Each structure stands twice: as C-alpha cells, then as structure tokens.
1. Determine which member of the set B:92, B:60, B:75 is within 9 Å of another protein chain (Cβ to nearest Cβ) and either at pLDDT 95 or above or within 17 Å of residue B:207 (Cα to Cα) (or both).
2. Would you please list the contacts, defined by Cβ atoms under 7 Å and residues six or more apart or on different chains, that run from a residue in the range A:215-238 that is among the charged types (D, E, K, R) to a residue that is outside any helix (DSSP H, G or I)?
3. Among the residues of the range A:145-175, what is the count of those that are modelled with pLDDT of 90 or more and either under 30 Å from residue B:236 (Cα atoms) or more than 11 Å from every other protein chain (Cβ to nearest Cβ) (or both)?
4. Given the options A:131, A:108, name the one that is out of contact with any Leu (no Cβ under 6 Å at 6 or more places or on another chain) and closer than 21 Å to residue A:272 by Cβ.
5. Consider only pairs whose beta carbons are under 9 Å apart and that are at least six residues apart or on different chains; among these, list those whose first residue lies in the range B:278-291 and is more than 7 Å from every other protein chain (Cβ to nearest Cβ) and whose second residue is polar (S, T, N, Q).
6. Considering only residues that are at pLDDT 90 or above and more than 16 Å from residue A:77 (Cα to Cα), which ones fall in the range A:210-229?
7. Only one of these conditions is not met by residue B:139: (1) part of a helix (DSSP H, G or I); (2) closer than 28 Å to residue A:147 by Cβ. Which number is it?
8. Residue by residue through the range A:174-205, note down the ones that are surrounded by fewer than 19 Cβ atoms within 10 Å (Cβ to Cβ), among the small types (Gly, Ala, Ser), in contact with a helix residue (DSSP H, G or I) (Cβ under 9 Å, 6 or more places away or on another chain) and assigned to a loop (DSSP other than H, G, I, E, B).
Amino acid sequence: MKLLVLPPHFRTAATLLGPPVAVLAGGFALVLAISSDPILAYQDLLFANFYSAGSFALFINRMTPLLFLGLSVILSFRAGMFNVGGEGQLYLGAMAATIAGLASAGAPRPLGLLLAAGAGAATGAVYALAPALLKVRLGVNEVVSTLMLNFIALLLTQYLVTHPLRDPVAYGAVSWMLPASVWLPEIPGLLGATSAALIALAVAPLAWMLLFRTLWGADLRAAGSNPRFAEAVGIDASRRVLEAMALSGGIAGLAGALYVLGVGHRFEQNFSPGFGLIGLTVALLARLHPFGAVATAAFYALVLNGAAYMQIDTDVPRSLVGLLTGFLVLFMTARGRGAPAPS
Amino acid sequence: MLTAQLLNSTLVQTTPLLLCALAALITSRANILNVAVEGMALAAAFAAIAVGQATDSSALGLLAALFAATAMAFLFGAVAIGLGADFIVAGLGLNILADGGALFLLEEVYQDPGGLRPDQFPDLWRVPANALSNLPLLGGALEGQSAIALAAFAAVPLCAVFLYRTPVGYALRAVGEDEAAAAAAGIRAARIKMLAVLISGVLSGLAGAQLAMDRLHFFLPDMTSGRGFIGLSAALFGGAEPWPTAGAAFLFGLAGALGDRLQSFQAPSEFVLMAPYVAALLALTIARWRAARRAKPAPIRNRQT
C-alpha cells in the first residue's frame, strides 16, 4: 500500500536532494559522536562563508574552479567520455598561463591577460584531446589514460615550479609573481573575490545552450548515449567526441589559468585540493546538468570552506568532508536493489 | 653483482604493482573495470601500520590490512553489484572514501594529518641474506624479499590455475564474456562478480601491506600514488592474462628501478617518478595499436573485372 504518492516533480526533487541531505545527516550523526560542540561544528560547516565579506570572497574564489571543472566533466560525460583527467588539465592550464603571463610582462594590459588565459585553455584542450584521440582511434580506455596523464601533469608542473620558475625568496614551491598587468581584476565592490566567477557563471548557460539548444549538442548527446545509433543516422560521432573533449579540457585549463591570474597571481604546486575529483562530484550531483552544476559547485565551495572554520572552532577535523564525499560518490549512481542494469 | 642488485630492486618495485595488476585482472575477467584497487590498497596500508603499531606484530598488521581491503571490496561490491551503481563512479567514490577516511582517522585519532610514523615497527619475514648464495643471479635478486613478495610471485600461477583449471574460474570467465548467457547456463552472475571483487580486495590488501610494511614502516596519505591505476594498466596491457600481465608489471617495476638508478646521475626526481606512468600509458597505447592492426581487414586490391 502506498500511503504517499508524490507528484513527479517532487520525486525529481527528492532524487536530486536526497543524496546530499542523507550524507549531511549521516555526517551530523558522526559529528555528534565525536565532537563536544556538534552544533557549532555544523553551523560553521554550512554558514561560516557568510560570517564576513572576506569569507564570502573566499567562497566565491573556491566556487569558481569547482564550477569550471564541473562543467568540464559535464561536457565530456555527455559525449560518453569518462574524462577524469580534469586535475591534470587544470594544472597544465595554470602552468601555461603562468609561463605566458611571465613572458608577457611588458605587454599592454588586456593583451597579456588574454594571452595567458588563452594559453591555459589551449594547453588544457590539447591535454584532453590526446586521450580522446587514443580512445577514438585505438580504443584506449580513457579512464586509465586520463588518470595516468594526471600524475604526469602534476610531476611536470612540480619540476617546472621547483626548478626553472622557482621564486627563490618565497617560501615553498611557488613560481615568480606574475606582473600586475596580467592580473584578472576583482569583482567591483567585493574585495578579494575574483571576477573569474562571473566568467564561470557565464559559461554555465553557454554550456547549456550548446548541449540542449543546438544541433551540435544533440549530436553530441546522441554520440554519448548511443554511438552506434549516432553513426547509423549519419552523425560523425568520433568527431563530436573529440570536440567535446577539447572543450572539456579547454574549460579545465581555463579554470587553472584564471585561478593563477585572478587568485594566486603565481603558480603554487598545491593550489588544488583535488579540484578535479570534486569537480566530478559536482557534475554527478548535478546529474550532468550545467545549471545544476552552479548549485552543486556552490554547495561544495560552501562545505569545503566551512570545514576549515569548523576545524579552527571545534574539534572536528576538516577531512570530514573528504570522508562524506567518498560516501556520496560511492552511492551516487546506486539505483536500488533489483533495478535493471542499463545496457 | 650489479645486475642482481638491479633485479632485486626491480622485484621490490614490482611486488605492489603485480598485486594490484592481478587484483585488476581478476575483476576484469568478470567484465568489471576496477579503478578501486587504489583505494583498497590505501586502506590496507593504513590498517597495516595502525594495527602493527598497536599490537607490535607484523602478522596482525598484515591480517588487518587484508581485512580492511576486503571490507572495502565488499562495500564496493555491495554498492556496484547489489545496488547496481556504475562501477567506475563507485570505484572512484571508494578511492575518495579511502583517502578521506584515512585522513579523518589520522587527524581524529593520531592528531597528525601528515602521516603515521611509529618509532618502532615489527618487520615482515624476509628471505635471509646469503640463504640462496649458491643460486647465481636469482639468489641475489630474491634475498631480502618480504614474505608478501614471495606470495605475489606465487599468486601469478595461482591466478592462472584458478581462471583456467577450476569450475569457479570457468564461471567467472563466462560471466565476464556474456553475463546473460552465463546466467542462462545456471551461473549466479551476481555472486561470481562479488567473488571476483572480493579476491581483488585480498590482492589489493597484500599490495597495500607490502607498500607500508616492507621497508618504509610508515603510512602517508598519498602512499599508493597511482599504483592501483598502474596495476590496472598492466592488466589491460597484458590482455587480462596472468603471465603477460605479470610481465607488464615487471616492466613497470623495471622502469621504476631504472629511474631510481638514474637519480644517482642527478636526473630531476620528477622525471624519474614519471617513468612508470609514462611506461603504462605507452604500453596501453601499443597494446591497443597492435590489437587494432590485427583487427583491421586486409586491404582490398584493385580487382580487374
């Protein structure tokens, strides 16, 4: 007997909000068990970003790369490519922007900035195109190849930032400071918040338009969900896949470039707390929808930054977020017992 | 002397890769792309050091490692097989969970997010020095290897026998090749897949235990550093056949050992560390390239009719 029959849109809301709410509730139970001040811990986790304008700016800066990477994952997944190389594309994009930014020290103001951002996006695109070509031409599994490329990219940037680009007077593995002429301006009226956030917020509807309101997007989604059908009706599926991966890598590279130009102003080897994997989580939580990704990226930025305040104010370690994210992704695609497997 | 040394360090590097590769091989024969090897091995490494330190017994540490990895494997199997989740997404989730869980425990229990470094840690049983001095090359290569390394070498023929000479192995390969046909033949596919995942858990557990307990005797949050994925590449490169896969793992181990050698010639360590990942990527590409060449139909010559 069904006591509660929900109308369809309520059910969608439940499937969308269910997982994060369940995980947050489970996390609260854990915090209750280990903490002497669970209320303050969760209050910090969820609301610390709004305590001051400064922490709100940090929230904006954290959300920006997450939204970019979420959109990057959405574009590749919609084309049926499991691009888990976002982290590597992000790092190489950031590194390319750093090199271009340092090289264009004397260039007039917008030119150097555009050059650096373009270099980052192009590098990311090329770095994603390589595994896509391997997949399309030879059938090399893209999950494994992009994971390998992540390690290679991280080691490469680590070499560059500790040897040729190392700023010897700074502490830690960081590059020379970029000339102020290539810095991305802050959002007017929001001290410390990067205007890259506005670009990310503009890319989200663009990605939606591309995917759901153009023929190209329809072809791409067809190529992703059923490549044989796509080929049979005359869609050049391989080409769509390559284009989607180039876009996906370009967005991830742009995320790295804009982080360097807008927030770090120099390359720092550990600038990403795993933006790649969190971007994947953001995209999956949004059910691969660009507008959903805006919400889920904001949610993740909220929780990641809130966790830092939580660790300072209470006895709950911030790795609580990592633990909960693990459960979230693990159960994300679970359909329940007896559900038929998609073929 | 030098070659025996190089062979010895190659085997040290190979052991965890080989175990990860076999773990990925077993699941891949059941048609599961197992990216969770990484997380299972990480959980095992943490359990090995935590329990080994608490009990001062390497045997208990090893048991804890096996238990932790198998428990992770069970969770993975329950979600992916029982609840029908996507294997890749669930596997990546398991990796995040292992990483986040280890960090959480480090901060919550040991108050040190940097890692777990016991002052004293019991060593594993290893082949005594000079025990095999009458064997020319192999003796020098095997002396000093841990018990887990020996188990890893033995696991290769065991996997071959299991897959090709036992009824369960038959069933496992049948499920991997055509699940519907296997089910029609009366094989309980879900159970067989779960078994494959659990076996891969045990093998990943050995890999994690070897990483933490063999020489280092400490745990670091990024300790596995992609070895699970390299092992997965080895299994794919070896076409999921036990001996070729072991050969691939040995090759990647050799790349690592040669890299260590190079380091004494002032090569930047980053490029040295890159060697196994580049080797794995190249190997995968070559394997697929050869397969593509073979699958290509012969060119049609100009027929004069």
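The values are calculated or read from the model by the stated rules, or taken from the named source; none is laboratory data. Quick caveat: nothing in here was measured; it's all calculated off a predicted structure. All Cβ positions, even for glycine, are placed from backbone atoms using ideal geometry, and neighbour counts span all protein chains on display.
1. On the way: B:92 fails: either at pLDDT 95 or above or within 17 Å of residue B:207 (Cα to Cα) (or both); B:60 fails: within 9 Å of another protein chain (Cβ to nearest Cβ).
Being within 9 Å of another protein chain (Cβ to nearest Cβ) and either at pLDDT 95 or above or within 17 Å of residue B:207 (Cα to Cα) (or both) holds for just one of B:92, B:60, B:75, which is B:75.
2. Pairs that qualify, where the first residue is among the charged types (D, E, K, R) and the partner is outside any helix (DSSP H, G or I), are A:219/A:235.
3. Qualifying residue count, the range A:145-175: 15.
4. On the way: A:108 fails: closer than 21 Å to residue A:272 by Cβ.
After applying the criteria, what remains is A:131.
5. B:279/B:233; B:283/B:233
6. A:213, A:214, A:215
7. (2)
8. A:192, A:195
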